[in-house]
Amino acid sequence: MQFLSNLNMMLTTQFGPLGPLMALMLVGLVMIAATLPTMLKKKANPFEKLKAQRTAVKSANENGQALRRGEKQDKLEKFSAFLEPQDVETMSASRLQMQRAGYTAKNSVRMFHFAQFALGIGFLIVGVIYTIMVSRNQELTTQFKILATVIPGAAGYYLPQYWITRRVEERKKEIMSGFPDALDLMLVCVEAGQSMDQSINRVAKESRAGYPALADEFDIVSHEVKAGKERVHVLKDMSERVGIPDVSSFVTTLVQSATYGTSIAEALRVYSAEMRDKRVMRAEEKANTLPTKLTLGTMMFTLPPLLIILIGPSVAGIAKTLGGMGGGG
């Protein structure tokens, strides 16, 4: 008990009244970091282990590069039970969100949750260290200590979500900007005698320089069709993956043309003209909002100098007149 009393006194002297609480928090973080690998370690299924061994032996017999491929395995796979949602609907929604952000890898959801966990813990530790360093030089309130510790942790946890949301919006804007040009190019390819698959492949190749997000989507469609998947399902998957109403309408137009046997070139001609009109309307809408956005800047940076120029001489003359009358009195 004497040892604990001395330790409590030393912590209180060094770090203030919350010194023991900070020490307990630090010990708890260390214990969590030490026990997490053991708790999250996924036990290997014997059947899966045997299957992996047979696959490795088969691959080694084919090309002798099993060891090299083994080094490229995802090291976070054993923590998948913790880093991935176990609900099928939640997992599908998370994977769709990552695909809309441009991350199509198999372990993208796992990496996203790992980034949230790592940044949250890391920023929380940074907040604790900052609070301890500041408390040595000056007395801090309990509210400030809690905020300085919790806010960095929360910021680190929500930083990946902010990044993904921003990436989704940027990709949507890029796809919407390049979609009318892609339709025009697709129409030219179809009218030149190329098939729909060849046109999609050509559009993906030509759009790569200006609109890489749109080119990636058309590349996925081309590869899935080459793999043997039905084109209608591939186009519907693209519509769901992109999440843009214009692309959904385009997919519906192509599906209806394939279903009723109408000309794809005619459908593309009508829809590409509609997309060009929509792009012009969006540009006009942005142009019409400019006067409203410039009003505040005009009032702040144009009106005050104008008033100074117009009223300044009069105010100076009135001040001189009042000064002369006061001196004469």
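The values are calculated or read from the model by the stated rules, or taken from the named source; none is laboratory data. Predicted model, so just to flag it, every value in this text is computed and none were measured. Reconstructed Cβ throughout: ideal geometry from the backbone, glycine too, with neighbour counts over all protein chains shown.
Can you spot a residue in segment 299-309 that is in contact with an Asp or Glu (Cβ under 9 Å, 6 or more places away or on another chain) and either aliphatic (A, V, I, L, M) or surrounded by 11 or more Cβ atoms within 10 Å (Cβ to Cβ) (or both)?
No, every residue in segment 299-309 fails to be in contact with an Asp or Glu (Cβ under 9 Å, 6 or more places away or on another chain) and either aliphatic (A, V, I, L, M) or surrounded by 11 or more Cβ atoms within 10 Å (Cβ to Cβ) (or both).
Somewhere in segment 225-244, is a residue on the phi > 0 side of the Ramachandran plot, surrounded by 15 or more Cβ atoms within 10 Å (Cβ to Cβ) and under 29 Å from the mean Cα position of the chain (by Cα)?
Yes, segment 225-244 has at least one match.
Go through segment 236-280 residue by residue and tally those that are without any contact (Cβ under 8 Å) to a residue 60 or more places away in the chain, more than 18 Å from Asp184 (Cα to Cα) and not aromatic (Phe, Trp, Tyr).
11
Quick check on my filter: what residues within segment 130-171 are loosely packed, with under 12 Cβ neighbours inside 10 Å, under 30 Å from Met98 (Cβ atoms) and not charged (D, E, K, R)?
Selection gives Tyr162 alone.
Looking at (1) at pLDDT 85 or above; (2) under 30 Å from Glu224 (Cα atoms); (3) over 15 Å from the mean Cα position of the chain (by Cα), find the lone condition where Ala60 falls short.
Single failed check for Ala60: (1).
Only one of Ala319, Ala265, Ala287 is of a type outside the set (D, E, K, R) and either in contact with a strand residue (DSSP E or B) (Cβ under 9 Å, 6 or more places away or on another chain) or assigned by TED's automatic domain parsing to the domain that holds Glu230 (or both). Can you tell me which?
Exactly one of Ala319, Ala265, Ala287 is of a type outside the set (D, E, K, R) and either in contact with a strand residue (DSSP E or B) (Cβ under 9 Å, 6 or more places away or on another chain) or assigned by TED's automatic domain parsing to the domain that holds Glu230 (or both), namely Ala265.
Filter segment 201-212 for residues that are surrounded by fewer than 20 Cβ atoms within 10 Å (Cβ to Cβ) and either touching a strand residue (DSSP E or B) at 6+ places or on another chain (Cβ under 6 Å) or within 20 Å of Ala105 (Cα to Cα) (or both) and give the result.
Selection gives Arg208, Pro212.
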